[in-house]
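Asker: Next up is a structure, given as structure tokens.
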């Protein structure tokens, strides 16, 4: 029979939590402003166009360009709908606790809508794009989707320019 030795309790020092004042929160927002989702969507549009044109130009086949472009659209349209849903005023009504709950619910709801629309667009692709090339469509989809990571790495380039006074 094996016995397990008791683990000694460790009394770790827990730092006291101090909420920010309104002025401190405003200074933090000014120092590190959030990235606009519309700038990310605009970046996705640019990447999608470039991928579609490159696919068409490199292969010389119009259907390859359309397939890559449709793959990009399967990311851009749901992302734009997601951004629109998140930027709505629904989550700004109520108390702070209610707003936090509404924001979390709104995020999950719009994320599900985004995924469902992307899947629906992929299912509709063979009927909407003549002579669909699945590899080209997936390349357009993946390249456009990677803009999220590019925006995260280069977030300062996607932020609005600060006003200097």
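Asker: Just the residues that are assigned to a helix (DSSP H, G or I) and either crowded, with 18+ Cβ neighbours inside 10 Å or in contact with a strand residue (DSSP E or B) (Cβ under 6 Å, 6 or more places away or on another chain) (or both), please, taken from region 126-158. Can you show your working first?
Answerer: Filtering region 126-158 down to residues assigned to a helix (DSSP H, G or I) leaves 126-128, 134-145, 147-153, 155-158.
136, 137, 139, 140, 141, 143, 144, 145, 147, 151, 158, listed by residue number.
Asker: Need the failing condition index for residue 87 against (1) modelled with pLDDT of 90 or more; (2) under 25 Å from the mean Cα position of the chain (by Cα), just the number.
Answerer: (1)
Asker: So, residue 96, is that one at pLDDT below 85, over 30 Å from residue 64 (Cα atoms) and either under 16 Å from the mean Cα position of the chain (by Cα) or surrounded by 12 or more Cβ atoms within 10 Å (Cβ to Cβ) (or both) or not?
Answerer: Details: at pLDDT below 85: yes; over 30 Å from residue 64 (Cα atoms): yes; either under 16 Å from the mean Cα position of the chain (by Cα) or surrounded by 12 or more Cβ atoms within 10 Å (Cβ to Cβ) (or both): no.
Criteria not met by residue 96.
The values are calculated or read from the model by the stated rules, or taken from the named source; none is laboratory data. All values reported here derive from a predicted model rather than from experimental measurement. Don't worry about glycine lacking a Cβ; one is built from the backbone with ideal geometry, like all the others, and counts go over all protein chains shown.
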